[in-house]
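Notes follow once the structure below has been shown.
What follows is calculated from the coordinates using simple rules that are stated; it is not laboratory data. If you're wondering where the values come from, they're calculated on a predicted model, not measured in any experiment. Heads up, the Cβs are rebuilt from the backbone with ideal geometry, glycines too, and the neighbour counts pull from every protein chain shown.
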């Protein structure tokens with residue numbers, strides 16, 4: 001059974017600055033603490049990352065997964081779905097970028113489903129930790145730039 005979580009954060013930067021950091025996938029390991037390596041494995045006709053491989057560490061394990069990105073709603077929204085990955089059935093999500101004066105409210109929606117049996121409470125906590133950490137780390141990276 002999948003778990004869906006929604007988080008948001010206000011970042012003191014313009015939407016374009018937030019998007020620039022989000023789209024610089026190969027720089028993620030420098031600011032996203034749980035990501036150990038990120039590789040763009042496929043680009044679309046416009047040169048954007050279409051499929052990206054991530055190696056993440058969490059709960060004492062290392063996971064590798066590939067996400068496929070959808071740019072059709074940019075700059076308001078960037079979405080992705082799991083292409084394939086270790087111990088995952090779903091890792092689908094969306095960043096939504098909402099201008100807020102000179103700042104940006106970034107919304108992060110994530111659906112997670114793992115193949116290993118875990119109680120629902122543990123899945124919800126893990127999904128919440130992923131989104132919360134991702135947004136806090138993104139905020140630091142954008143505001144530091």
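How much length is gained if the chain between residue 27 and residue 71 is pulled fully straight, taking 0.36 nm per residue apart and subtracting their Cα-Cα distance, in nm to one decimal?
Numbers: separation 44, 0.36 × 44 = 15.84 nm, distance 1.91 nm.
Fully extending the segment from residue 27 to residue 71 adds 13.9 nm.
With the crude spin-label approximation of a point 7 Å out along Cα→Cβ, what separation in nm comes out for residue 37 versus residue 10?
Inter-label distance under the simple model: 4.0 nm.
Quick one: compute the contact order of the stretch 1-83, relative version, from alpha carbon pairs under 8 angstrom and 6+ residues apart, as a percent.
Numbers: 109 pairs, mean separation 13.6, N = 83.
Relative contact order for the stretch 1-83 comes out at 16 percent.
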